[in-house]
Amino acid sequence: MTGKEQTGDRSVGGEYDLVVVANRLPVDFSVRSDGGVDWQRSPGGLVTALEPVMQQADGAWVGWSGAPDLAHEPFDADEMRLVPVTLSQAEIERYYEGFSNDTLWPLYHDVVATPTYHRQWWDAYRRVNQRFADAAAAQAAEGAVVWVHDYQLQLVPKMLRDQRPDLRIGFFDHIPFPPVELFQQLPWRRQIIEGLLGADLLGFQRGGDASNFIRAVRRLTDYTTRGPIVTMTDEDGGPGRHVRAAAFPISIDSTRFDELARTPEVQARAKEIRADLGDPEVVMLGVDRLDYTKGIRHRIKAYGELLQDGRLDVESSTLVQVASPSRENVGAYQELREHVEVLVGHINGEFGELGHSAIHYLHHSYPPEEMAALYLAADVMLVTSLRDGMNLVAKEYVAARSDEQGVLLLSEFTGAADELAPGPVLVNPHDIDGLKDAIVQAAKMDPKEQRRRMRRLRRKVMNDDVAKWSDSFLGVLTAMPRRTSHV
Ligand code: G6P
């Protein structure tokens with residue numbers, strides 16, 4: 001863990017040509033009994049995407065350690081500089097659980113849960129964003145590219161630009177950007193827009209998200225916009241810089257998933273899973289963070305009604321629902337867990353038989369090997385989000401199915417639907433009758449039709465992978481003119 005020493009001139013910051021700023025670092029920390037700290041790589045999608053560019057470009061990653069009050073010096077891992085940002089317990093409650101996940105998250109997801117607005121949370125959000133911006137400014141070399149990620153850090157672009165006008169700054173919003181009619185509920189809407197406009201390039205999942213942002217700029221500021229470009233005026237009223245807002249739909253490391261699912265171990269495990277489930281004709285699968293945006297209750301309700309109506313039965317079909325624990329200190333997530341578990345218990349009690357559960361509910365996270373085996377074991381993948389920036393589970397399912405079998409049932413309200421249609425069976429998860437019909441259609445789909453759809457899906461997912469995503473974002477960003485003075 002020997003860290004590279006800083007050699008750069010402090011007045012212009014550090015020595016890294018590419019700095020990624022994200023709420024979480026791509027490592028998990030654990031505190032030993034002697035008080036020391038260990039860390040392990042946590043291979044998320046973002047780090048897989050960025051690792052090659054980070055290694056090539058001499059990159060640093062600024063992010064939170066994931067634990068309260070955990071301070072750690074910057075260190076090197078896999079040819080990347082990792083720079084931990086420390087958050088106190090109160091900051092985790094106000095910035096992370098509060099403003100990020102109880103204000104912005106529901107607001108940006110079509111208010112499917114009610115957002116809470118607290119001034120103390122906003123103060124913490126500002127303070128913590130400033131800390132991330134300072135840490136990034138200290139690492140970035142003169143003229144470096146800084147890529148800021150997601151809704152937790154929307155003020156960072158402007159905070160960075162104020163300190164370091166020499167930088168090229170990109171921001172990618174991984175979640176939806178809401179219509180201005182909802183966004184304007186936010187008491188600090190103007191500051192968020194200004195914060196984002198500190199970037200040169202703003203990336204969104206869908207064209208609709210980018211145009212929602214542009215509409216918000218038009219409604220809430222005096223800046224002029226032309227198509228995807230916002231023109232910022234400088235303080236003297238002269239013409240200033242341009243900010244571009246565009247769609248860059250994120251993807252997965254498709255080849256890695258495809259290869260993983262082809263290994264004999266994963267193939268054998270998939271067979272074992274089906275056998276453990278009693279070899280039903282149809283295995284349905286849901287894989288989500290336990291989050292109210294995912295439509296888990298709608299899906300389970302529809303499934304329960306199909307059992308009730310006798311259109312499905314527990315001998316010939318089963319539903320596996322993986323619901324990985326998430327944001328467990330936030331009230332809305334606790335309520336959701338209660339609701340889902342009561343519903344699952346009710347349906348299993350009502351329709352289950354010895355040796356045949358209606359729903360296998362798993363409140364755990366699993367490693368990629370097990371996920372690939374589950375995808376292979378599933379005849380129907382149920383993605384019923386009420387609103388979802390992209391939904392990478394849908395893409396993982398497709399990447400795992402080199403056998404060109406299996407049906408993806410996909411909510412219209414996901415970014416993935418914009419990209420993948422017409423291959424999936426599209427659903428409106430609010431329409432329970434429509435959802436039930438679609439589940440039956442998917443369960444009964446003949447293998448030829450499955451192959452036709454899956455081929456189409458695979459062409460898209462295998463081609464547009466996460467490396468293409470990061471290359472295209474960074475390609476556009478680095479082609480933008482470099483500024484040397486404040487606007
Ligand atoms: C979504 C967000 C990410 C976030 C992830 C997990 O995908 O876009 O920014 O990291 O959920 O949530 P968590 O709160 O555990 O980081």
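Being among the basic types (Lys, Arg) and in contact with a Gly (Cβ under 9 Å, 6 or more places away or on another chain) is the filter here, so list the residues in region 12-57 that pass it.
Selection gives 24 alone.
Does region 133-142 contain at least one residue that is among the aliphatic types (A, V, I, L, M), in a loop (DSSP other than H, G, I, E, B), surrounded by fewer than 22 Cβ atoms within 10 Å (Cβ to Cβ) and in the same structural domain as residue 475 (by TED's automatic domain parsing)?
Within region 133-142, not a single residue is among the aliphatic types (A, V, I, L, M), in a loop (DSSP other than H, G, I, E, B), surrounded by fewer than 22 Cβ atoms within 10 Å (Cβ to Cβ) and in the same structural domain as residue 475 (by TED's automatic domain parsing).
Please find, within region 143-169, the residue that is surrounded by the most Cβ atoms within 10 Å (Cβ to Cβ) out of those that are more than 16 Å from the ligand (Cβ to nearest atom) and part of a loop (DSSP other than H, G, I, E, B).
Here the residue is 167.
For every residue, the table says whether it meets (1) touching a residue at least 60 places away in the same chain (Cβ under 8 Å); (2) among the polar types (S, T, N, Q); (3) within 26 Å of residue 317 (Cα to Cα).
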| residue | (1), (2), (3) |
| --- | --- |
| 241 | yes, no, no |
| 246 | yes, no, no |
| 251 | yes, yes, no |
| 254 | yes, yes, no |
| 261 | yes, no, yes |
| 265 | yes, no, yes |
| 269 | yes, no, yes |
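In region 234-329, which strands (runs of 3 or more DSSP E) lie fully inside it and hold 3 or more residues that are under 19 Å from residue 410 (Cα atoms) and within 16 Å of the ligand (Cβ to nearest atom)?
Once the strands (runs of 3 or more DSSP E) in region 234-329 are filtered for at least 3 residues that are under 19 Å from residue 410 (Cα atoms) and within 16 Å of the ligand (Cβ to nearest atom), what remains is 282-289.
Mind checking whether some residue in region 310-331 is aliphatic (A, V, I, L, M) and more than 26 Å from the chain's Cα centre (by Cα)? Show your work before the answer.
First, the residues of region 310-331 that are aliphatic (A, V, I, L, M): 312, 314, 319-320, 322-323, 330.
Applying the additional criterion that residues be more than 26 Å from the chain's Cα centre (by Cα) yields 312, 314.
Checked against the condition, which is being aliphatic (A, V, I, L, M) and more than 26 Å from the chain's Cα centre (by Cα), region 310-331 yields at least one hit.
Here's the yes/no breakdown for (1) at pLDDT 95 or above; (2) touching a Pro at 6+ places or on another chain (Cβ under 8 Å); (3) of a type in the set (A, V, I, L, M, F, W, C); (4) under 30 Å from residue 202 (Cα atoms):
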residue	(1), (2), (3), (4)
454	yes, no, yes, no
457	yes, yes, yes, yes
464	yes, yes, no, yes
480	no, no, yes, yes
486	no, yes, no, yes
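Within region 429-443, track down each residue that is free of Cβ contacts under 8 Å to residues at least 40 places away in the same chain and either among the small types (Gly, Ala, Ser) or over 18 Å from residue 112 (Cβ atoms) (or both).
433, 434, 437, 438, 441
List the number of the failed condition for residue 311; all other conditions in (1) buried (at least 19 other Cβ atoms within 10 Å of the Cβ); (2) over 24 Å from residue 46 (Cα atoms) hold.
(1)
Could you pull out every one of the strands (runs of 3 or more DSSP E) wholly within region 1-116 that has 1 or more residues that are within 15 Å of the ligand (Cβ to nearest atom) and modelled with pLDDT under 90?
27-31
The values are calculated or read from the model by the stated rules, or taken from the named source; none is laboratory data. What you see is a predicted model, and the numbers here were worked out from it, not measured in a lab. Cβ: placed from backbone, ideal geometry, glycine included. Neighbour counts: every protein chain shown.
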